[in-house]
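Read-outs: derived from the displayed coordinates by stated rules, not from any lab. Values in this document were obtained by computation on a predicted structure and should not be read as measured data. Please note: Cβ atoms are built from the backbone with ideal geometry, for glycine as well, and neighbour counts cover all protein chains shown.
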Number of protein chains: 2
Amino acid sequence: MKLTARSEYALLALIYLGRQPADLLVSAETVAIAQGIPPKFLEQIFLSLRRAKYLRSTKGHRGGYQLARRPTEINLAEVVRLFDGALAPTESASRHFYEPTPIEKEEKLLDLFKDIRDWVSARMEATTLADML
Amino acid sequence: MKLTARSEYALLALIYLGRQPADLLVSAETVAIAQGIPPKFLEQIFLSLRRAKYLRSTKGHRGGYQLARRPTEINLAEVVRLFDGALAPTESASRHFYEPTPIEKEEKLLDLFKDIRDWVSARMEATTLADML
DNA sequence: AATAAAACCTACTAAATCGGTAGGTTTTAT
DNA sequence: ATAAAACCTACCGATTTAGTAGGTTTTATT
């Protein structure tokens with residue numbers, strides 16, 4: 001139950017960009033060095049973030065990245081979901097294909113997990129990039 | 001961010017045992033069939049649960065397992081931790097050895113994660129096996 | 001005493017995931 | 001023309017995960 005390096009790095013990079021002037025273009029390399037992220041790995045992460053419309057990019061010399069949304073409009077839940085999928089343990093890890101998972105028959109357990117998932121989602125949805133700056 | 005099959009199966013098995021008369025010995029095989037768990041896999045899980053004092057076992061013919069504690073005294077947080085380790089994302093997934101992890105420099109992010117971890121822990125610690133029956 | 005049912009224990013394995021690297025191409029300001 | 005940047009895809013080694021295999025020991029029952 002932890003974040004992957006991908007989503008952790010994504011958050012760190014977004015926070016860094018959030019601290020820069022909104023119109024400044026910053027290279028992935030610069031962010032990588034500033035936040036201690038392996039540069040080629042961050043490149044991949046930025047590709048995903050751009051495709052998901054969190055970042056805008058400008059190609060070529062003097063190009064770089066900038067936030068595509070205001071920090072108040074980027075909530076952390078979405079970012080983490082982009083890389084790690086769902087936020088809490090509702091999906092079963094066990095291998096059941098056509099039959100219902102055994103856990104699905106234990107309603108109270110399922111309710112607990114849903115409760116946790118909902119709370120974690122709500123907490124992270126309520127937190128925006130702006131709150132991290 | 002999901003449970004492993006191990007802890008999920010452990011919970012399902014404990015719930016099943018919790019529903020049986022406290023003094024009844026139930027074989028791992030019986031529990032496996034009832035809850036849809038691969039029998040040899042459950043055997044391993046029961047070994048851990050016994051060593052961690054959640055179960056008592058009786059060997060030989062007509063032997064089996066029974067809860068070693070009352071259902072009100074088994075909280076779900078402990079069980080999950082036994083198999084999956086810590087409950088929420090505070091440890092960093094990225095590889096940093098001597099230097100502080102970059103995330104540690106982002107205090108607000110760290111605070112958020114701690115907050116989530118604490119809430120999830122508290123929620124699961126407050127929930128006992130008895131609540132599932 | 002023989003059998004069978006059960007716990008006990010350890011090693012293994014196939015698949016998936018993860019964290020990261022490699023190696024290019026294309027675009028564009030200088 | 002050059003260099004700096006984004007873009008893109010494939011790969012790779014390590015670890016974790018989910019489960020299997022194959023025994024041994026113990027004990028109630030016959």
What pairs in A:K53/B:K108; A:K105/B:K59; A:K105/B:K2; A:K40/B:K105; A:K2/B:K108 have C-alpha atoms more than 26 Å from each other?
A:K105/B:K59
Taking the label point 7 Å from Cα along the Cα-Cβ vector, the copy-to-copy distances for B:D23, listed from shortest in nm with one decimal, are 8.3
Distance in nm between label sites at B:D115 and A:D118, each 7 Å beyond Cα in the beta-carbon direction?
2.0
Can you give the extra length, in nm with one decimal, that the chain gains between A:Q44 and A:L25 once fully stretched, where that is 0.36 nm per residue apart less the Cα-Cα distance?
5.1 nm
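Would you tally the net charge around A:K40, using a Cβ to Cβ cut-off of less than 14 Å, leaving A:K40 out, and scoring K and R as +1, D and E as -1?
So the surrounding residues net to -1.
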Pop a pseudo-label 7 angstrom from the Cα along the beta-carbon direction at both B:H61 and B:T4 and give the gap in nm to one decimal.
3.7
Express the relative contact order of chain B as a whole percentage, based on alpha carbon pairs under 8 Å and six or more residues apart in sequence.
29
Please turn the phi angles of the stretch A:5-14 into ³J(HN,Hα) values with the Karplus equation 6.51 cos²θ - 1.76 cosθ + 1.60 (θ = phi - 60°), one per residue in order, whole Hz, x for glycine and proline.
4, 3, 6, 4, 5, 4, 5, 4, 5, 5
Rg and Dmax [Cα atoms of chain B; Å; Rg one decimal, Dmax integer]:
17.9, 59
Between B:R62, B:R123, B:R50, which gets the highest mean-square fluctuation from a Gaussian network model of chain B, Cα cutoff 10 Å?
B:R62
Going 7 Å from the Cα of B:R69 toward and past its Cβ, which residues in the stretch B:1-32 have a backbone nitrogen under 18 Å from where you end up?
B:7-20, B:22-23
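Could you tell me the relative contact order of the stretch A:5-67? Use alpha-carbon pairs under 8 Å, at least six residues apart, and round to a whole percent.
On the way: 66 pairs, mean separation 24.4, N = 63.
Relative contact order here is 39 percent.
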Short version: ³J(HN,Hα) in whole Hz for each residue of the stretch A:60-66, in order, from phi by Karplus 6.51 cos²θ - 1.76 cosθ + 1.60 (θ = phi - 60°), x for Gly and Pro, what are they?
x, 3, 6, x, x, 10, 8
Name the residues whose placed amide hydrogens come within less than 5 Å of the amide hydrogen of A:A68, ignoring near sequence neighbours (fewer than 5 apart) on the same chain.
A:L55, A:R56
